[in-house]
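Participant: I'd like to ask some things about the structure below.
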Amino acid sequence: MQTAALLFFSACLLAAAASDLRSRTIPNVLPLALALGFAVWAVAAPEPAWPWRLLGAALVLALGYGAWTLRALGGGDVKLLAAAALWFPLKLLPSFLLAVTLAGGVQALVWLLLRRQGALRLTDGRMPYAVAIAAAGLWVMFTAVAP
């Protein structure tokens, strides 16, 4: 069950990153699938601390909403962040958010370098932040959570 859950989590994050790279959108079905996948895992595992994970995801959603109102993140990014946060124990949530921030910073530097060299042409200037969310989520999941 653990391996299937990790594969599902990974597939959802990678699909979100690919979609964001391709079209600068994250289909709503991907954060929904992550949330439902967590619910299935929590029932099957069974996960005794699921209320704390819901609280953590709600806090991430609230912070993300603030970032969305400031136009720092897109709505799809906020939903993906909150859904991915469900998969981490509360004690690992700061590590996940720090990893997202660092991955986003590295991605932004690469993005700016590619734009400066003319290798990247953008119509709207938006960076696909799901790439950073996926990279951070996979990093934390496979270094701190997975056996």
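The values are calculated or read from the model by the stated rules, or taken from the named source; none is laboratory data. The shown structure was predicted, so the numbers you read here are calculated from the model rather than taken from an experiment. When we count neighbours, we look across all protein chains shown, and the Cβ atoms used for this are built from the backbone with ideal geometry, even at glycine.
Listed here are the residues, each with its yes/no results for (1) in contact with a helix residue (DSSP H, G or I) (Cβ under 6 Å, 6 or more places away or on another chain); (2) at pLDDT 95 or above.
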{"site": "31", "(1), (2)": "yes, yes"}
{"site": "35", "(1), (2)": "yes, yes"}
{"site": "39", "(1), (2)": "no, no"}
{"site": "53", "(1), (2)": "no, no"}
{"site": "62", "(1), (2)": "no, yes"}
{"site": "73", "(1), (2)": "yes, no"}
{"site": "80", "(1), (2)": "yes, yes"}
{"site": "94", "(1), (2)": "no, yes"}
{"site": "100", "(1), (2)": "yes, yes"}
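Participant: Sticking with this one: All but one of (1) surrounded by 14 or more Cβ atoms within 10 Å (Cβ to Cβ); (2) over 22 Å from residue 10 (Cα atoms) hold for residue 118; state the number of the condition that does not hold.
Facilitator: (1)
Participant: With the checklist (1) among the small types (Gly, Ala, Ser); (2) within 23 Å of residue 128 (Cα to Cα); (3) exposed (fewer than 13 other Cβ atoms within 10 Å of the Cβ) in hand, flag the one item residue 4 doesn't pass.
Facilitator: (2)
Participant: Quick one: in segment 113-132, of everything that is of a type in the set (A, V, I, L, M) and not in a loop (DSSP other than H, G, I, E, B), which residue is modelled with the lowest pLDDT?
Facilitator: Step one: filter segment 113-132 for residues of a type in the set (A, V, I, L, M), giving 113-114, 119-120, 122, 127, 130-132.
In the following step, the residues that additionally are not in a loop (DSSP other than H, G, I, E, B) were identified as 113-114, 130-132.
Values: 113: 85, 114: 80, 130: 96, 131: 96, 132: 97.
Step by step, filter segment 113-132, then rank; the result is 114.
Participant: Something else about it: Given the conditions (1) assigned to a helix (DSSP H, G or I); (2) crowded, with 17+ Cβ neighbours inside 10 Å, and given that residue 102 satisfies all but one, which numbered condition is not satisfied?
Facilitator: With respect to (1) assigned to a helix (DSSP H, G or I); (2) crowded, with 17+ Cβ neighbours inside 10 Å, residue 102 is out only on (2).
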